[in-house]
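Structure record follows, encoded as structure tokens.
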Amino acid sequence: MVLWSLSLSSLPLARADGTPPPLPGICSESDRFGVAVAGWIGGYDVEPLHAGWYHNFTTSTSPPHPAAMRYVQTIRISDDGPFADQACSACPTWQALQQMAQANPGSLWLVGNEQDRQDYVGAAHYARLYHDFYTFLKAEDPTGLVGIGGVVQPTPIRLQYLDLILTAYADQYGQAMPVEVWNVHNYVLREKRWYEGCPDCWGCGIPPDIPADTGQLYDIQDHDNMGYWTWHIILMRQWMRDRGYRDRPLIISEFGILMPEMYGYDYSRVRRMMLATFDWMRSTTNPDTGYPADGNRLVQAWSWYSLNDPAFEGWPSWNHLFDPTTRTMTALGQDFAAYTASLTAPFPGSIDLSPTSLRHTPPEPESGSLVTITVLADIHNGGGATAGNVLVRFERDGQPAGQVILPDIPAGESRVAGVVWPGLTRRHLYQVTVTVNPDGQIVECDPSNNRLTAPLLATDIAVYLPLIRK
């Protein structure tokens, strides 16, 4: 899901029916939908949203995955550094980043958040930061994907800023910038350089390194203008094609209505805009600029802002799906849930393998304190097609401990894989890991959920402590 002249080996190339997945982790139409979270997602019953992913504008070593939602990591950056232990003062330390990458294989990493406005990083410095993070993350986890931070809106002046970044990267490193996922935010906001006493400098300002004082001079009532909103994305896809990135996915990691009701943006108006954007992104294709691996669709995945932020810059708004105080779903959240309810079926031809539980049979005594047990793993196929010759590999305390090939796992069904372990010490605590499809021979729509780790106590009395997914 990216573009340029480098290898695409980290991307799934085809489902069982030969159709490429739009993005890793997108196994159904509802998986395209995501949410941007203000703070922590814990305590919200997000299951009814049927969303496939979320982010909260930061990084995490152990992010929760409610309703099996994928977590997208966002590295916040600043226009300083490098320092001895981190790339910039706002960046995570290299040690912390290593731990996060190793604990969350297959993650999508976004470098920066609105580097044109919030993080506000110059083009040349952003190119260096991106290079350093890309190189580091791919070394720690080759299965992970690295994407660019989202500009506020892909207008001409902000595409000019992205051009400066691409040029700076090529000048510094002698090659095209290896963006595996293109990412933008998409709002309709005024672009005017701020100055003291300016009466109409609201909006998103001017990006770094851009000499112009104005860009798109939108009005407040343009904020939900679908003509402007869709024009931005059309421009972005044309820009990607013209720079050789057409064969990369495009996601919108933040969009919504920021304006409060005092400007006329009441619930019905926000609802109308939200549903219109969903319809447009799901249906709009272009044979010249769309992503070929996704039927030339312009946008592959998107995340609504927000799950739980009831105000923007202090002004109450209607864009949140949950009330942050009561944790109950709002009317807009119910609209979101109703829209996605019919979109949860796995894509035809898709395969999504995952170990769902680990257990073992009662120990059979050997000599002395030694016993034999059989370790059993339930392997589920959440995709839409049968998976054949599924390899399941077991490890004990980090060492290989047997493998099994399951002849087939039909769509929506589970099979049991088991290995016999003799010579275990009774009441000794072992660490067990089961990995399905460890060599990636079967192309899956979500290869990030193939591993399960749990402690095993070789006794009749206690079996397992809580499972830890990796």
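The values are calculated or read from the model by the stated rules, or taken from the named source; none is laboratory data. Please read all numbers here as calculations on a predicted model, not as lab measurements. Every residue, glycine among them, receives a Cβ derived from its backbone with ideal geometry; neighbour counts consider all protein chains shown.
If you check Met240, Met262 for being buried (at least 19 other Cβ atoms within 10 Å of the Cβ), in contact (Cβ under 8 Å) with a residue 24 or more places away in the chain, of a type in the set (A, V, I, L, M) and farther than 22 Å from Gln334 by Cα, only one passes: Met240. Of all residues in the stretch 401-452, those being of a type in the set (D, E, K, R), assigned to a loop (DSSP other than H, G, I, E, B) and under 22 Å from the mean Cα position of the chain (by Cα) number 2.
Among the residues of the stretch 295-327, those that are surrounded by fewer than 16 Cβ atoms within 10 Å (Cβ to Cβ) and assigned to a loop (DSSP other than H, G, I, E, B) comprise Gly295, Glu313, Gly314, Asp323, Thr325, Thr326, Arg327.
Residues in the stretch 351-392 that are buried (at least 21 other Cβ atoms within 10 Å of the Cβ) and either among the aromatic types (Phe, Trp, Tyr) or under 20 Å from Ser448 (Cβ atoms) (or both): 15 in all.
Against the list (1) within 21 Å of Ser350 (Cβ to Cβ); (2) part of a loop (DSSP other than H, G, I, E, B), the condition Val392 fails is (2). Against the conditions (1) more than 25 Å from Glu191 (Cα to Cα); (2) in contact with a helix residue (DSSP H, G or I) (Cβ under 6 Å, 6 or more places away or on another chain); (3) surrounded by fewer than 18 Cβ atoms within 10 Å (Cβ to Cβ); (4) not acidic (Asp, Glu), Thr289 satisfies every one except (3). Within this structure, Pro362 passes the test of being touching a residue at least 40 places away in the same chain (Cβ under 8 Å), more than 21 Å from Gly264 (Cα to Cα) and in a loop (DSSP other than H, G, I, E, B). If only residues of the stretch 145-178 that are buried (at least 16 other Cβ atoms within 10 Å of the Cβ) and without any contact (Cβ under 8 Å) to a residue 40 or more places away in the chain are counted, the one that is nearest to Gly244 (Cα to Cα) is Ile148.
Residues in the stretch 220-237 that are buried (at least 16 other Cβ atoms within 10 Å of the Cβ) and among the aliphatic types (A, V, I, L, M): Ile233, Leu235, Met236. Scanning the stretch 254-300 for residues that are over 20 Å from Leu343 (Cα atoms) and among the small types (Gly, Ala, Ser) turns up Gly256, Gly264, Ser268, Gly290. Annotation note: of Gly112, Gly144, Gly149, the sole residue that is under 16 Å from the mean Cα position of the chain (by Cα) and modelled with pLDDT under 95 is Gly144.
Looking at Thr372, is it hydroxyl-bearing (Ser, Thr, Tyr), farther than 16 Å from Ala67 by Cβ and assigned by TED's automatic domain parsing to the domain that holds Met273?
So Thr372 does not fit the description; no.
Checking the condition in the same structural domain as Gln334 (by TED's automatic domain parsing) and in contact with a helix residue (DSSP H, G or I) (Cβ under 7 Å, 6 or more places away or on another chain), which residue from Met281, Met273, Met259 passes? Testing whether each residue is in the same structural domain as Gln334 (by TED's automatic domain parsing) and in contact with a helix residue (DSSP H, G or I) (Cβ under 7 Å, 6 or more places away or on another chain) leaves just Met259.
Test Val420 against the criterion of being touching a residue at least 24 places away in the same chain (Cβ under 8 Å), surrounded by 14 or more Cβ atoms within 10 Å (Cβ to Cβ) and not charged (D, E, K, R), and give yes or no. So Val420 fails the test.
Is it the case, given these coordinates, that Ile252 is surrounded by 21 or more Cβ atoms within 10 Å (Cβ to Cβ), assigned to a loop (DSSP other than H, G, I, E, B), of a type in the set (Val, Ile, Thr) and in contact (Cβ under 8 Å) with a residue 24 or more places away in the chain?
Judged against the criteria, Ile252 is not a match.
Restricting Thr435, Thr425 to those that are surrounded by fewer than 16 Cβ atoms within 10 Å (Cβ to Cβ) and in contact (Cβ under 8 Å) with a residue 40 or more places away in the chain reduces the list to Thr425. Of all residues in the stretch 31-67, those satisfying the criterion of being closer than 24 Å to Val299 by Cα and aromatic (Phe, Trp, Tyr) are Phe33, Trp53, Tyr54, Phe57.
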